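A.B. asks: Next up is a structure, given as structure tokens.
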Amino acid sequence: MPLARAALYAATLGVLVMSVRAALVGPPPLGWAITVGVAYAAFVLGGVFFLRWRVFADAVVRGPKGARGVVLTFDDGPHPKWTARILATLAEHGAKATFFVVGRKAEQHPEMVRAILEAGHGIGLHSYEHDRLFALRREKRVRADIEKGIAVLEALTGSRPTLFRPPIGHTNPIIARVADALDLTMVGWTISGHDGLASARPADVAARVRRDLRDRVIVALHDAPERGEREPAAVRALPEILDAIAAERLEIVPLGAWTS
């Protein structure tokens with residue numbers, strides 16, 4: 001069990017014990033109770049916002065012990081221009097990656113989904129709509145979105161996706177439960193380039209990734225903006241990132257090697 005999840009269980013038990021004690025003996029000092037409540041709420045929200053804590057889901061956020069190499073992943077595509085640029089750079093370096101595609105964008109640009117597959121890369125689902133409030137939605141809506149995304153990718157690729165990365169990496173017990181029911185492996189990351197931000201600069205993205213390069217890391221980048229036509233910083237940062245991986249004598253490995 002992930003340490004953060006065990007900590008949540010322990011904290012929940014502590015809050016329950018405190019509540020029972022308050023009912024039987026009397027309430028604790030108001031300031032202390034408020035502090036405990038705020039700390040507990042902050043911890044739960046941290047579990048929602050930081051998938052790598054693995055509080056609610058057994059997400060793959062790094063390679064297994066003893067694994068060698070680096071995994072590259074790209075989110076928010078496909079895009080007819082920027083995904084094509086990313087594919088060309090990867091081909092120049094002989095590198096493979098996994099693209100977590102948005103279902104509605106895959107419908108709009110099926111030729112890019114085919115191009116990703118034909119180049120030997122992996123494809124995972126990044127939801128259908130890429131709803132930024134996905135973690136606040138009810139289970140029925142979450143399931144409908146993911147099932148629609150699965151259907152789109154299955155129709156385009158001929159196979160059912162098995163990998164899933166929730167929008168903006170937020171998760172909760174509902175998303176985790178739906179993903180598990182649909183036999184999807186949830187995937188997070190070890191290093192984020194933060195290249196999806198409009199203010200991101202390619203040099204900063206490359207430096208951020210290069211700083212933490214080591215065996216077993218999963219790198220999260222973007223091959224498309226979340227909305228609009230803006231060029232993601234990863235498009236220009238990728239050559240430097242690939243050179244840095246080579247300089248560290250790290251192998252780029254397929255995500256499937258760590259999730260099968």
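The values are calculated or read from the model by the stated rules, or taken from the named source; none is laboratory data. Since the structure is predicted, the reported quantities are computational estimates derived from the model, not experimental observations. Cβ atoms come from the backbone with ideal geometry, glycine included; neighbour counts cover every protein chain shown. Keep in mind that these areas ignore ligands, DNA and RNA; they rest on the heavy atoms of the full protein, side chains included. Shrake-Rupley method; radii C 1.70, N 1.55, O 1.52, S 1.80 Å.
A.B. asks: How big is the gap, in Å, between the Cα center of the stretch 117-135 and the Cα center of the stretch 196-213?
C.D. replies: Centre-to-centre (Cα) distance: 21 Å.
A.B. asks: Let me ask another. What percent does the relative contact order of the stretch 205-259 come to when contacts are Cα pairs within less than 8 Å and at least six residues apart?
C.D. replies: 39 percent
A.B. asks: Can you give me the orientation-averaged projected area of the convex hull built on the Cα atoms of the stretch 94-202, in nm²?
C.D. replies: Values: hull surface 30.5 nm².
Projected area, direction-averaged: 7.6 nm².
A.B. asks: Restricting to lysines 8 or more places apart or on different chains, can you count the pairs in the chain with Cα atoms under 20 Å from each other?
C.D. replies: On the way: LYS81/LYS96; LYS81/LYS105; LYS105/LYS148; LYS140/LYS148.
So the count of such lysine pairs works out to 4.
A.B. asks: Using only the Cα atoms of the stretch 174-260, what do you get for the radius of gyration and for Dmax, in Å?
C.D. replies: Radius of gyration, then largest Cα-Cα span, for the stretch 174-260: 14.8, 42 Å.
A.B. asks: Computed from the coordinates I sent, Rg/Rh (Cα atoms, Kirkwood Rh) equals one of (1) 1.01; (2) 0.97; (3) 1.04. Tell me the label.
C.D. replies: Step by step, Rg/Rh (Cα atoms, Kirkwood Rh) for this structure corresponds to label (3).
A.B. asks: Using modelled backbone amide H atoms (1.01 Å from N, in-plane), which distant-in-sequence or interchain residues come within less than 5 Å of GLY193's amide H?
C.D. replies: ALA220
A.B. asks: May I pose another question? Can you work out the accessible area per residue across the chain, with the rest of the protein chains kept in place, probe 1.4 Å, in square angstrom?
C.D. replies: Working: 12860 Å² over 260 residues.
So the chain comes to 49 Å² accessible per residue, rounded to a whole number.
A.B. asks: Hey, got the dipole for the chain? About the Cα centre, +1 on K and R Cβ, -1 on D and E Cβ, debye to the nearest 20? Display every interim value, and only then the final one.
C.D. replies: Details: 33 positive and 27 negative charges, 141 e Å.
The calculated dipole for the chain is roughly 680 debye.
A.B. asks: Between ALA91 and ALA151, what length comes free when the chain is fully extended (0.36 nm per residue of separation minus the Cα-Cα distance, one decimal in nm)? Don't skip to the end; give the middle numbers.
C.D. replies: Values: separation 60, 0.36 × 60 = 21.60 nm, distance 2.86 nm.
Extra length from ALA91 to ALA151 when fully extended: 18.7 nm.
A.B. asks: Could you work out what % of the accessible surface of the stretch 139-260 is carbon and sulfur, using a 1.4 angstrom probe and leaving DNA, RNA and ligands out of the count?
C.D. replies: Summing carbon and sulfur atoms, their accessible area is 48 percent of the total for the stretch 139-260.
A.B. asks: Which value, in nm² and rounded to one decimal, describes the direction-averaged projected area of the C-alpha convex hull of the stretch 194-244? Don't skip to the end; give the middle numbers.
C.D. replies: Numbers: hull surface 13.4 nm².
Averaged projected hull area, Cα only: 3.4 nm².
A.B. asks: I've got another one for you. Could you work out which residue, out of ARG165, ARG85, ARG62, moves most in a Gaussian network model of the chain, that is, has the largest mean-square fluctuation with Cα springs under 10 Å?
C.D. replies: Maximum among the listed residues: ARG85.
A.B. asks: While we're looking at this one, here's another question. Which of the trypsin sites (Lys or Arg not before Pro) found in the stretch 147-217 are loop residues per DSSP with 15 or fewer other Cβ atoms within 10 Å of their Cβ? Can you show the working numbers first?
C.D. replies: Details: sites: LYS148, ARG177, ARG208, ARG210, ARG211, ARG214, ARG216; in loops: ARG214, ARG216.
Hits after loop and neighbour filter: ARG214.
A.B. asks: Report the label-to-label distance for ALA246 and ARG52 in nanometres (one decimal), using points 7 Å from each Cα along the Cα→Cβ vector.
C.D. replies: 2.6 nm
A.B. asks: Can you find, among GLY26, GLY37, VAL70, the residue farthest towards the positive end of the dipole of the stretch 1-83? Put +1 on the C-beta of Lys and Arg, -1 on that of Asp and Glu.
C.D. replies: Value computed over the given set: VAL70.
A.B. asks: Something else now. Would you work out what percent of the accessible area of the stretch 9-107, with all protein chains in place, is carbon or sulfur (probe 1.4 Å)? Write down the numbers at each step before the final one.
C.D. replies: Numbers: 3490 of 5110 Å².
Of all accessible area on the stretch 9-107, carbon and sulfur atoms account for 68 percent.
A.B. asks: If you average the sequence gap of Cα pairs under 8 Å that are 6 or more apart and divide by the length of the chain, what percent do you get for the contact order? Numbers along the way, then the final one.
C.D. replies: Numbers: 451 pairs, mean separation 67.0, N = 260.
Contact order relative to length: 26 percent.
A.B. asks: Which of ILE174, ILE86, ILE34 moves most in a GNM of the chain, Cα contacts under 10 Å?
C.D. replies: ILE34
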